[in-house]
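See below for the structure under consideration.
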Amino acid sequence: MERDVLHRLLSDMLLSRAFEERAAEEYGKGNIVGFLHLYPGEEAVGAGVLNAAAPSDYVVSGYREHAHALMRGTPAREVMAELFGRADGVSGGMGGSMHIFDAERRFMGGYAIVGESYPIAIGIAYAIAMRRLPEAVICFFGDGAVNQGTFHESLNMAALWRLPVLFVCENNHYAIGTEIHRHSAVTEVYKRAAAYNIPAEKVDGMDVSRVYDATRRALDLIRRGGGPQFIECETYRFRGHSMADPGSYRPVAEVKAQMARDPITTAIGEAAIRLPTQAELAEAGADTIARLTARMVEAGHLAEVEMEGLRKAADAVVEDAVQFALHSAEPTMAAAWAHMTCNRRDEVLI
Amino acid sequence: MERDVLHRLLSDMLLSRAFEERAAEEYGKGNIVGFLHLYPGEEAVGAGVLNAAAPSDYVVSGYREHAHALMRGTPAREVMAELFGRADGVSGGMGGSMHIFDAERRFMGGYAIVGESYPIAIGIAYAIAMRRLPEAVICFFGDGAVNQGTFHESLNMAALWRLPVLFVCENNHYAIGTEIHRHSAVTEVYKRAAAYNIPAEKVDGMDVSRVYDATRRALDLIRRGGGPQFIECETYRFRGHSMADPGSYRPVAEVKAQMARDPITTAIGEAAIRLPTQAELAEAGADTIARLTARMVEAGHLAEVEMEGLRKAADAVVEDAVQFALHSAEPTMAAAWAHMTCNRRDEVLI
Amino acid sequence: MSEETLYWQALNKAMDTELEADESVFTLGEDVGLVGGSYRATQGLMAKYGEWRVRDTPISEGSFTGLGVGAALVGMRPVVEIMTVNFMLLALDSIINAAAKIPFMSGGQFRMPLVIRVPGGIAKQLGAQHSQRLEHTIMNVPGLRIAVPSTPQDAYWQLRQAIASDEPIILLEHELLYFSKGPLDILAEAPPMHRAANRRPGRDVTIISYSRHALLSAAAAEELAKDGIEAEVIDLRSLKPIDWDTCAASVEKTHHLLIVEEDCRFAGAGAEIAATLGERCFGALDAPATRLAGLDMSTPFNGTLEAASIPQVADIVAAARKLCRPAKTPVAAAAE
Amino acid sequence: MSEETLYWQALNKAMDTELEADESVFTLGEDVGLVGGSYRATQGLMAKYGEWRVRDTPISEGSFTGLGVGAALVGMRPVVEIMTVNFMLLALDSIINAAAKIPFMSGGQFRMPLVIRVPGGIAKQLGAQHSQRLEHTIMNVPGLRIAVPSTPQDAYWQLRQAIASDEPIILLEHELLYFSKGPLDILAEAPPMHRAANRRPGRDVTIISYSRHALLSAAAAEELAKDGIEAEVIDLRSLKPIDWDTCAASVEKTHHLLIVEEDCRFAGAGAEIAATLGERCFGALDAPATRLAGLDMSTPFNGTLEAASIPQVADIVAAARKLCRPAKTPVAAAAE
Ligand SMILES: Cc1ncc(C[n+]2csc(CCOP(=O)(O)OP(=O)(O)O)c2C)c(N)n1
Ligand SMILES: Cc1ncc(C[n+]2csc(CCOP(=O)(O)OP(=O)(O)O)c2C)c(N)n1
Ligand SMILES: [Mg+2]
Ligand SMILES: [Mg+2]
C-alpha cells in the first residue's frame, strides 16, 4: 500500500480518535447533550471505506456517523458545532449528532432509526442507475441493524435491479448490550447476503488497509456494472454504546483484549518501516496509541517529528473545532421555521 | 402411501375444488362480495400439509385461507356462511373470506396484510416453547410474501430460539401479476432459509403425497426439538389472483400447461391402480378432473361408484353449505359491538 | 374544453403528462407496471416509458417507500403507489421519520419532492384490515402535506401539483371513486393545492367534508334544499394544511357547522376541524360544532353493518336538520 | 404505607409482581434482559425469571411486537417493550392491523391480553427522530386502549391493570418521568384504569392534560393561585377511552377549558378533547375551548429551540390567565 494513502488513513483515524475523545469531554462539560455514540475502536472501517470512495459517491450512515462525516471531509468545525447544536453546525443545529447531513460532500445523512438507511441508500442508487452514472452509494450499518426487515427488503431490490450500492456492515458484535450470538441466528453476517445473490466478503475491520483494499475492489465491481456488493468488517467499539452506556454487559477481559487490537496501532505499524510484532501489539494494552507510539519512535519506525505532527495536527483541528462551536450562535426559531418550510418555494399556505 | 390417507387427501382436494368453484358462482350471483382469493390448482399443498398435522398443532394463514380452514376441518357451512357475511359464519360475519378464524381447530386466522402471519406464528410457537408442549405451528405464505421484512425478522427469531414452526411457502410463481423472477433476486425460495440456518427443502406442490411426506418429516423433526423447518411447495393457481383479477398477465400457454399438472389428477392417479401416463396427463388439459375421471373410470383405475361417491359427497357438502349460508341471518349491530368489546369482561367504560 | 372522465383516467392522464414532461419523474409500486395498477392509475405507462420509470416492486412497502425518499434526495421526483392505505402502516417509518423530517433535520439542505399515492377508505366488504381510513394517523406529522381529491378534476390537478412540489405529499384517493365520472378540463387553471372548494353555496348550515364524503354531503344538501334548508358544502381537498379561511368564512355566515367524515370519530380528522373552528368561530356558532363520523369500530365484513358503520346521505340529512332546527317538530318545520 | 419511589422502580415492581404471580406473563424487547431496559423498568428480572420470561430480542420491532400478538392469542400475557415510541412506527401493522382487530374479526373468538410499553416524548436533545409523541397516531384505532401514567403510583397501578386486562393496551411512558419521584402505596386500591384524576380542585379554569404535562399543569396552577386564579387540573391518565364525565363536570363548574399537550397541535390528542368537550359543554363555556400544544414542527436538536417547541409552565400560566381574564389589564386583575 502506498505510503501516502497510509498517511491519509492514519491522519483520518487520529483525527477521528481525537475528535471523539474531545467530544466525550465536552459531553461531560454539558456542551454536548443528548445521545452521543462514539467511534473509538472502529476507525479503521470508516477510514478504509471512505478513503477508497470517490467524491462523486454517496454515503448513507446511522447514528454513529459523525466520525464518518469527518473522514468524508466535512470540516471538524461544522461537525462539532452540530454536536453543540449551534447555527454553524453542518445541519444548522437542527439535526444533532445523529443527523449529520452534508449535501456538498454527498453525505446523505445520519439516521437514528436502525435499518432506515438501507431503503434510502437503494433509492439513491436507483436514481444513479436510471441516469447511468458511474457513481455508487455506500451504506453503513451495524450487526444489530442486520435483523431489521428493511435489510431483507432492500438487499433483495438492490440485487433484483443490480443497483450500485456497497453495503458495509460494521460488525462490532453488539447491538447496545446484546451480543451477536444472542441477536442473530447466523453470526457471520456476510453469509446473509447470499440470500439475495449479493457477492460478499468478510474483512478484518481492525486493519485499515484490508478495509481499504476490499472497498476498492468492491467499488470497482460496482462501477463495472456488477451490481450491489457487501463487505462485513469485524471490529469493536472501545466505549459503551453511547455516552449514556457504561457498557457493563461486556466482560472486562474482552474489552481489554480488543483494545489491544486497536486499529490505529495497526495503521501506524503499516505506515512505518516494519510491522510491530504480535507480542508488541499484545503488550500495548488499553492505551495503545500513546504507548505504542512511544515505543515505535524509540525503535525508529516512525519519525518522532512526523508522528507528533500528525497527532498535533489532529489535536489542533479538534481544538479549533471546539472553539468554533463554542463561539457559534444558537439557531433562531425563525431559522427553524425556515428549515421546516425550505421546500415550499413561493407557495403561500394558510 | 396408505390408501386411506390418499382417499382422505383426495376427498379434501375434491371438497376444496368444489367449494371454490361454487364460491366463484355465488360471487357471480352477488351472494359473496369483496375480495375472494380462490385456491384451485394449489389444493395439494393445503391437503398434504394439513393432513399431516396433528389436531394440537396450530395453523396461521393468509387471505387465500378459507380452503385451508376447510381442509383443517372447519365445517363447510360455517366457512360458506362467513364468505356470505352471515351470523353463522365461523367469524360471525365480521371477518369475511380473508379472516377465517376457528379457535376450536386451532386455526389462528387468515391475515390479509402480506407478511403479517410470520410474527403471529412465531408468537404462538414462543408460547409453545415456554410451555414445553409437543405442538407445532404451521405458517402458510406465498412466494410474494417472502419479500416482506417480517419474513426475515421472524425467521431469524424462530431459528435463534429454536421455535417449533413449520414455514410452508406456497410458491405459485406470482404475486398478483408480478412473476417471481421480477420480484425476487433468488427465486428458489427454500434457499433463502439458509440465511437463518433453517433446514429447508423444496417439494413438488402439485403432488400431494410428496407434500404430505415432507410435512410429516418436518413436523417430526420439530417435535423432537429440531427447531423451525421450511418447506417450499412449487404450485400454480389456475384462476386469477382474486375474483377481481382476470390474470391476463400470464401467458395462456403457461396456464394451460400448468392446468395439465392439476394436483387432483395426480392424486386420483395415486389412489387408483396405476398412474396415468404423461401423455394422458398432457392431453387432459383444462378440464382435468372431468375428463380424466371419465377416462380412468373407462380404464377401470378407479371404481366409478367410488369416484362418483367422493365427488357427490363433496358436492353435497357444498350445496348444503350454500343453503345453510343463504338461510343464515345477518349479524346485528349489537353483535358487532359485542365482538368489539369481547375482551372487556365486566369493566364498565365511558 | 371539459370532458367527462373517470377518476382513474384523470390520474392516469396526470401521470402520463408528468412522465412525458420530466425525466426525473418515475413511479413505482406493486403491480403498477405490467398490470397497470390495481385501480388502473398507471395503465399503459410501463409500455410507454419502460420498466425503470414505471417499476413493479416486490411486496416490501417499508423499503420501496424509502427508496422513493432516497431518490427524491438526489433530485428525482418519485411517485410511490402504496397499493392501499392499509399497507401504509408498514411504510410509516420511511414517511414519518425520513421523508417528513430530512429537509428539517438537515438544516434545509435537501428537498423532498416525493409523492405517495394511496387508495383507501371503505370500499365494498373488504373486511376490517382492508377498510381503513388512516388520514388521522398522518395528519399529526409536521412536514407532510395531504391531499384528498374527490373529483376527477381535482385528482388530475392535485397529482400534477404534488409532483411539481418539492414537499412530501400524500394523495389519499378513495377506492370507491376510481370509477366515478366527472368533467375534466386539462387546460383549466388549478387553484392552489390546499384550497378548499365551496361545492354548493348555502346560508343555513356549513357542511365540511372531504373525499368521497364530500360528494355524499353535496347529495345530502340537495335533499335538505327540498326541505328549505340551504346547506353550504365545503370540500376540504387538503387535510394538511386545512384551508381555515374558507371554512371560517362559511361558518360565520351560516352559524352552524356539521363535519362529515368517514374516519372513525374518536380522534379522527373531524376532531381537528371541530377544535380549530370551534375556537376560531366561537362567537359565531349558534350550536356546537358537530361531528358525524364513522363508528369507533373495526369495519364489519357484513355489507349491511359495513354501510351502517359510516355516515350515509340520509344520516347527513338528519344530522344537518337536527342541527338547524333542534327544537322544532317535523310538522312545524314542514310548515315554514 | 406509601413510600417515595422512582417511576421506573414502580414499573419494575409492577412487572416483578405480575411475573411472580402468573406464569403466563412474560416480557420481551431490545435489551430488557441483560441490560435491564433502557430506563431500568426490567432491571434484575432476567436474573430472577430466566431468559424465556424476560427476553432480549433482535432489532426487529415489527416482528417481536407481532410475536406478542401471537403469544397473546394462545393465552399468554406478553408485555412488549418497544425501546422508544419512535420505533413503534415499525410495529404499527402488528398493533393496528393485528392486535386491535383480531378479537373483532374473529367474531369474538380470541382474547388479546397484550401490553405494549413505550417510552416517548421530548426528552433532552435527542433530535427529531427520537422526540416524537405519537399518541395521536394510535388514538384513532378502534380496539386499542392507551394509558398515560404521570406518577409512580399510576405507573404501578396501570401496568398491573394492563397486564390483568384481556384487551390490547399501550402504556405511553414519558422519558423524562422515569427518574421522577412520588409516593407509591402498593396496597392502595386502584381506580379504574381509564379514570381521570383531579389533581387539584379549582373554580376558575379547567386545565386538562396528561403524562408529563399534567405535572407541569399542576405546577402552573400553583403559580396561578398566587394570582388568585384557581385552576382545576385534570390528569387524563387514559387517552383511550377518555373519561369525559370527569372532564365535563369540571368544565361545567369552571366555564373555562385549557387543554395542554406536548403533542403537535395540528390533529394532536388535544383536538379530540377540544372537539368533544366543545360540543358537550357548548352551553357552559364562557370562552372557546383552547389548546396549548407543541409547535407543528419537527423537534429541533438545539436545546433552547427544543424547549421552546413545547409548552412550559410559564406558557401554561400565561394561557390560563388570558383565558380567564381576557379583557382585564394586569392591574385590574391584581386589584380583584
Ligand atoms: C428501529 C430502532 N430500534 C431500536 C433503536 C435503539 N438502538 C439504537 S442503536 C441500537 C443498536 C444497534 O446496534 P448495531 O446495529 O450493531 O450498531 P452499533 O451501535 O453497534 O454500531 C439500538 C437497539 C433504534 N435506534 N432504532
Ligand atoms: C402488505 C401488503 N401489501 C400488498 C398487499 C396486496 N396483495 C394482496 S395478495 C398480494 C400478492 C401476494 O402474493 P403471494 O405471497 O405470492 O401469494 P399468492 O396470492 O400468490 O397466494 C398482494 C400484493 C397486501 N395484501 N398486503
Ligand atoms: Mg453493533
Ligand atoms: Mg404467489
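The values are calculated or read from the model by the stated rules, or taken from the named source; none is laboratory data. Note that the coordinates shown come from a computational prediction; the quantities given were computed from them, not determined experimentally. Note that we place each Cβ from the backbone using ideal geometry, even for glycine, and neighbour counts take in every protein chain shown.
Below, the figures for the structure above:
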item	result
Residue within the range B:147-155 that is in a strand (DSSP E or B), within 16 Å of ligand 4 (Cβ to nearest atom) and crowded, with 24+ Cβ neighbours inside 10 Å present	no
First in the range B:238-257 and closer than 24 Å to residue B:97 by Cα, second anywhere and among the aliphatic types (A, V, I, L, M) and away from ligand 2 (no atom under 15 Å from the Cβ), Cβ under 8 Å, 6 or more apart	B:238/B:259; B:239/B:24; B:243/B:24
Unique match (being within 21 Å of residue B:312 (Cα to Cα) and modelled with pLDDT of 95 or more) among B:43, B:65, B:26	B:26
Candidates C:83, C:88 - the one that is more than 7 Å from every other protein chain (Cβ to nearest Cβ) and within 16 Å of ligand 4 (Cβ to nearest atom)	C:83
Residues that are touching a residue at least 60 places away in the same chain (Cβ under 8 Å) and buried (at least 24 other Cβ atoms within 10 Å of the Cβ), drawn from the range A:87-111	A:89, A:92, A:93, A:94, A:96, A:97, A:98
Single unsatisfied condition, residue A:97 versus (1) in contact with a Leu (Cβ under 9 Å, 6 or more places away or on another chain); (2) among the hydroxyl-bearing types (Ser, Thr, Tyr); (3) within 7 Å of chain C (Cβ to nearest Cβ)	(3)
All positions within the range D:272-286 that are at the interface with chain C (Cβ under 7 Å from one of its Cβ atoms) and either touching a residue at least 40 places away in the same chain (Cβ under 8 Å) or surrounded by fewer than 20 Cβ atoms within 10 Å (Cβ to Cβ) (or both)	D:272, D:279, D:282
Some residue of the range B:9-21 being more than 16 Å from ligand 3 (Cβ to nearest atom), surrounded by fewer than 21 Cβ atoms within 10 Å (Cβ to Cβ) and closer than 25 Å to residue B:174 by Cα	yes
Matching option when the condition is of a type in the set (Gly, Ala, Ser) and closer than 26 Å to residue A:115 by Cα, among D:70, D:75, D:44, D:50	D:70
Residue match in the range D:19-35 (condition: at pLDDT below 95 and away from chain B (no Cβ under 13 Å))	yes
Qualifying residue in the range B:241-258 (condition: assigned to a loop (DSSP other than H, G, I, E, B) and modelled with pLDDT of 95 or more)	no
Residue identified as within 18 Å of the chain's Cα centre (by Cα), away from chain B (no Cβ under 14 Å) and within 16 Å of ligand 3 (Cβ to nearest atom) among A:142, A:115, A:109	A:142
Test: residue in the range B:205-227 that is of a type outside the set (Lys, Arg), touching a residue at least 24 places away in the same chain (Cβ under 8 Å) and within 9 Å of chain A (Cβ to nearest Cβ)	no
Residues being more than 12 Å from chain A (Cβ to nearest Cβ) and of a type in the set (Asp, Glu) - total across the range C:141-182	3
Segments classed as helices (runs of 4 or more DSSP H), wholly inside the range C:41-107, with at least 2 members that are closer than 28 Å to residue A:101 by Cα and not aromatic (Phe, Trp, Tyr)	C:61-73, C:102-105
Looking only at the range B:129-143, and only at residues there that are outside any strand (DSSP E or B) and crowded, with 24+ Cβ neighbours inside 10 Å, the one that is farthest from ligand 1 (Cβ to nearest atom)	B:136
Hits in the range A:311-341 - residues which are within 14 Å of chain C (Cβ to nearest Cβ) and crowded, with 20+ Cβ neighbours inside 10 Å	A:328, A:331, A:335, A:336, A:339, A:340
Among (1) more than 16 Å from ligand 2 (Cβ to nearest atom); (2) in contact (Cβ under 8 Å) with a residue 40 or more places away in the chain; (3) under 24 Å from residue A:65 (Cβ atoms); (4) touching a helix residue (DSSP H, G or I) at 6+ places or on another chain (Cβ under 7 Å) - the single one residue A:152 does not satisfy	(1)
Qualifying residue in the range D:99-106 (condition: more than 11 Å from every other protein chain (Cβ to nearest Cβ), out of contact with any Lys or Arg (no Cβ under 7 Å at 6 or more places or on another chain), surrounded by 24 or more Cβ atoms within 10 Å (Cβ to Cβ) and without any contact (Cβ under 8 Å) to a residue 60 or more places away in the chain)	no
Options C:127, C:68: the member that is touching a residue at least 60 places away in the same chain (Cβ under 8 Å) and either buried (at least 24 other Cβ atoms within 10 Å of the Cβ) or within 16 Å of ligand 1 (Cβ to nearest atom) (or both)	C:127
Cross-chain or 6+ apart pairs with Cβ under 6 Å, the range B:158-179 first and within 13 Å of chain A (Cβ to nearest Cβ), then of a type in the set (Gly, Ala, Ser) and within 16 Å of ligand 4 (Cβ to nearest atom)	B:175/B:144
Failed criterion for residue A:195 (all others in (1) out of contact with any strand residue (DSSP E or B) (no Cβ under 6 Å at 6 or more places or on another chain); (2) under 20 Å from residue B:155 (Cβ atoms); (3) away from chain B (no Cβ under 11 Å) hold)	(3)
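Listed here are the residues, each with its yes/no results for (1) part of a helix (DSSP H, G or I); (2) small (Gly, Ala, Ser).
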{"position": "D:282", "(1), (2)": "no, no"}
{"position": "D:285", "(1), (2)": "no, no"}
{"position": "D:292", "(1), (2)": "no, no"}
{"position": "D:299", "(1), (2)": "no, no"}
{"position": "D:314", "(1), (2)": "yes, yes"}
{"position": "D:317", "(1), (2)": "yes, no"}
